Amino acid sequence: MRDAYGGVVSISIVVVFLVLVSGYLAFNVNYTKAFRLKNKVISVLEEYEGAGYDNIVDGCSEGICKEINSYASQIGYNVSSINTPNDGRTWHCNKAVGYCVAKADANSSGSTITEKNAYYFDVITQININIPIINKIMGLRIFQIRGSTKTMENLNMD
């Protein structure tokens with residue numbers, strides 16, 4: 001009887017170990033995809049200096065949105081839903097892919113920049129974790145990756 005009990009415990013330890021390692025690897029793969037998409041969104045926004053960012057909506061298919069969406073499908077990134085922070089800014093989200101962009105005034109964030117028309121963009125992507133128990137306990141915002149573009153200057157002096 002002792003040998004049978006020892007065998008069950010050994011198999012249980014191996015199964016738990018395999019589940020933990022598999023979960024860790026799945027999390028890392030999804031984290032890498034979300035991080036790469038965040039970097040792509042930032043680089044595209046910096047390349048085009050934010051032109052057309054307000055057209056980022058579900059199903060958009062032109063401009064910077066087209067470039068970002070094609071990259072997201074190329075790396076296999078998709079998130080079913082994404083939450084935006086309640087910080088008073090207007091977030092332009094493409095929830096079909098799973099990223100959001102908001103424009104911010106550089107002077108309002110405590111920056112030392114004194115240009116009147118300086119701005120930057122905040123970007124949010126989310127790690128795709130579809131484990132209902134973990135999502136209920138921890139919430140989805142824990143698994144978000146945020147980044148910002150460098151500060152840009154609007155040359156149209158209005």
Could you say whether any residue in the range 8-22 is without any contact (Cβ under 8 Å) to a residue 40 or more places away in the chain, surrounded by 14 or more Cβ atoms within 10 Å (Cβ to Cβ) and in a helix (DSSP H, G or I)? no
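For residues that are in a loop (DSSP other than H, G, I, E, B) and either surrounded by 17 or more Cβ atoms within 10 Å (Cβ to Cβ) or touching a Pro at 6+ places or on another chain (Cβ under 6 Å) (or both), scanning just the range 122-139, find the one that is modelled with the highest pLDDT.
So the residue we want is Ile127.
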Of the residues in the range 34-72, those that are in contact (Cβ under 8 Å) with a residue 60 or more places away in the chain and surrounded by fewer than 18 Cβ atoms within 10 Å (Cβ to Cβ) come to Phe35, Asn39, Glu46, Glu49
All-but-one check, Val44 against (1) in contact with an Asp or Glu (Cβ under 8 Å, 6 or more places away or on another chain); (2) modelled with pLDDT under 85, failing number (2)
Test result for Val29, out of contact with any strand residue (DSSP E or B) (no Cβ under 7 Å at 6 or more places or on another chain), among the β-branched types (Val, Ile, Thr) and assigned to a helix (DSSP H, G or I)
yes
Considering the range 16-41, residues that are modelled with pLDDT under 90 and β-branched (Val, Ile, Thr), and then whichever is nearest to Thr125 (Cα to Cα), we arrive at Val21
Val57 vs (1) among the aliphatic types (A, V, I, L, M); (2) part of a loop (DSSP other than H, G, I, E, B); (3) at pLDDT 90 or above: all pass except (3)
Taking the range 73-87 and keeping only residues that are under 23 Å from Asn28 (Cβ atoms) and free of Cβ contacts under 8 Å to residues at least 40 places away in the same chain, one is left with Ser73, Gln74
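The values are calculated or read from the model by the stated rules, or taken from the named source; none is laboratory data. Bear in mind that the values here come from a model prediction, so they are computed numbers and not experimental data. No Cβ is skipped: glycine too gets one built from the backbone with ideal geometry, and neighbour counts run over all protein chains shown.
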